[in-house]
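Working notes, beginning with the structure itself.
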Amino acid sequence: MPNTPKPVLSLAGRRVLLIVAGGIAAYKTPDLVRRLRERGAAVRVVLTDGGAQFVTPLTLQAVSEDTVYRDLWSLTDESSMGHIQLSRQADVVLVVPATANILARMAHGLADDLATTVLLATDKPVLVAPAMNVRMYEHPATRANLALLATRGVGIFGPDEGPMACGEYGPGRLVEPLSIVDHLINWFAAQDAPRHLAGRHALVTSGPTHEPIDPVRYIANRSSGKQGHAVAAALAALGARVTLVSGPVRLPDPTGVKVVPVETAAQMLDACRAALPADIFVAAAAVADWRVDGAADQKMKKDGSRPPALRLTENPDILATLSAPGPQRPALVVGFAAETNDVVAYARAKRARKGCDWIVANDVSPATGTFGGDRNSVHVIRADGTEDAWTDLPKAEVASRLAAAIATHFVNGKN
Ligand code: CTP
């Protein structure tokens with residue numbers, strides 16, 4: 001008889017307390033429970049009253065093969081499983097979907113039902129997968145609540161961008177159940193990983209820059225910031241204190257990372273200088289090479305004559321500036337090289353020209369889909385002549401490998 005391959009139980013032995021809140025995406029949680037259990041996790045569910053409008057307790061009970069907890073005041077639940085005990089018996093508390101309402105209640109410490117009482121009483125890590133209408137997600141109140149929760153160490157998975165049940169389009173979609181499972185596996189791996197970069201400060205740039213033409217127009221590029229943000233998250237997962245100086249992106253702030261938002265290359269350089277000293281500098285931003293010389297301070301109007309000519313002037317090179325020898329030079333400086341042809345040859349020359357220690361070269365020709373996409377193929381080129389090639393990997397995996405290589409560099413006492 002042929003051997004049937006056994007599923008990889010990467011969540012084997014993990015106990016997840018899943019809080020299902022009241023959003024339309026709650027209908028995906030029975031599938032999430034199944035996927036988590038397929039990977040070996042034990043899942044216990046707390047269902048809010050809002051959540052029960054979208055998914056029945058019986059469904060969640062059937063897929064979790066456990067009691068579904070709902071009522072803070074139920075004598076039966078409280079006698080068999082108090083909310084304190086419930087909150088402590090898991091390895092992690094996962095809130096899916098994390099609606100604007102439950103995020104607000106978490107941020108402000110309310111405890112007006114079983115779910116929020118458990119969230120306040122728990123001594124375990126809390127992870128949330130936000131899902132809501134795009135306007136609610138972009139509302140300053142929700143942004144502030146998420147930022148506050150992130151500073152308290154709450155892990156945030158997503159949201160994704162795309163069409164929504166309410167007919168609108170944008171960020172706010174629940175990350176698909178299988179991706180939540182992947183995020184959770186990576187999250188547990190990061191918890192278990194040795195924190196080799198503890199005590200180090202890493203400075204990372206990410207995203208595009210926007211260079212104004214006038215108050216309403218700007219020059220930009222197609223960088224999504226996905227790779228730079230993933231590098232920041234991966235360095236933080238290894239224990240580094242991370243400052244992420246980011247141009248305008250549509251991405252959630254990575255967990256445990258201090259984000260400094262900027263628009264222009266000049267602002268990015270100022271923010272990087274202000275963040276020094278750092279042990280590690282990773283320049284992943286797609287900085288605009290040029291800005292408009294003398295951008296207009298009022299909106300430019302068509303006046304019937306010739307269109308205006310834009311005169312460009314060169315932006316400061318942030319990577320070259322921070323690579324220059326001096327007392328504040330970070331011990332390890334890693335640049336990125338975006339090339340469309342002769343990738344390795346151009347990248348080697350670029351590393352030497354910019355004065356950085358390593359350069360991560362990627363092919364950004366349109367056929368690769370690297371800009372804005374989720375995967376990347378890179379060559380890591382070092383000053384000592386060693387090279388690595390990492391082909392067709394998710395950007396998160398490229399980031400983890402780069403962070404691991406940086407950690408190895410420091411552990412080996414090169415700095
Ligand atoms: N970089 C920077 N400041 C700039 C331009 C680039 O810090 N003004 C950094 C990028 O973050 C990246 C590296 O330099 O780490 C290389 O960026 P890339 O766009 O590939 O190179 P350029 O310097 O723009 O060179 P070219 O356009 O000639 O390829």
* Structure fact -> Quick P(r) readout (region 332-374; Cα-Cα; 10 Å bins; whole %) gives 31, 48, 21, 0
* In whole Å, what three semi-axes, largest first, describe the equivalent ellipsoid of region 121-193 built from its Cα gyration tensor (square root of 5 times each eigenvalue)? -> 24, 17, 8
* Pair-distance profile P(r), taking every C-alpha pair of region 166-218, with 5 angstrom steps and integer % -> 4, 11, 9, 10, 15, 16, 13, 9, 9, 2
* **Span per principal axis, largest first, for the Cα atoms of the chain (Å)** => 73, 61, 48
* Once the mean 1/r over all distinct Cα pairs of region 15-191 is inverted, what Kirkwood radius in angstroms do you read off? -> 16.0
* Return D279, D31 ranked ascending by Cβ neighbour count within 10 Å, so the fewest neighbours appear first. => D31, D279
* To do: Let me have the 222 nm mean residue ellipticity of the chain computed from DSSP H runs of 4+ only, each contributing -39500 (n - 2.57), with the sum over all residues rounded to the nearest 500.
  => -9500 deg cm²/dmol
* What whole number of Å gives the distance from the Cα centroid of region 379-415 to the Cα centroid of region 153-182? -> 30
* Asked: Counting only residues 5 or more places away or on other chains, whose amide H sits under 5 Å from the amide H of V260 once H atoms are built in the peptide plane?
  -> L244, V245, S246
* Asked: What is the packing order of peptides 399-406, 242-249, 302-309, 225-232, taking the mean over residues of other C-beta atoms within 10 Å and listing the highest first?
  -> 225-232, 242-249, 399-406, 302-309
* Treating the angle as unsigned and between 0 and 90°, give the value, to the nearest 10°, between the Cα long axis of helix 140-151 and the longest Cα principal axis of the chain. => 90
* If one takes the longest principal axis of the Cα atoms in the chain, at what angle in degrees, from 0 to 90 and to the nearest 10, does the Cα axis of helix 29-38 lie? -> 90
* To do: Round to the nearest 10 and give me the degree value, 0 to 90, for the angle of helix 395-411's Cα axis relative to the longest principal axis of the chain.
  => 70
* **Equivalent ellipsoid dimensions for region 301-415 as semi-axes, Å, which come from the Cα gyration tensor, largest first** => 32, 21, 13
* Structure fact -> A correct fewest-to-most ranking of D160, D71 by other Cβ atoms within 10 Å would be D71, D160
* Over region 318-415, what relative contact order in percent results from Cα pairs under 8 Å that are six or more residues apart? -> 20
* Structure fact -> Between R195 and Q89, Cβ-based FRET efficiency (R0 35 Å, step 0.05) works out to 0.85
* Asked: So what is the relative contact order for the chain, in percent, with contacts set as C-alpha pairs under 8 Å and at least six apart?
  -> 11
* **Highest-first arrangement of 263-271, 15-23, where packing means the average Cβ count within 10 Å** => 15-23, 263-271
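No value in this document is a laboratory result; all are computed from the given coordinates. Everything quoted here is computed from the prediction, not taken from an experiment. For neighbour counting, all protein chains shown are included, and Cβ atoms are generated from backbone atoms with ideal geometry for every residue, glycine included.
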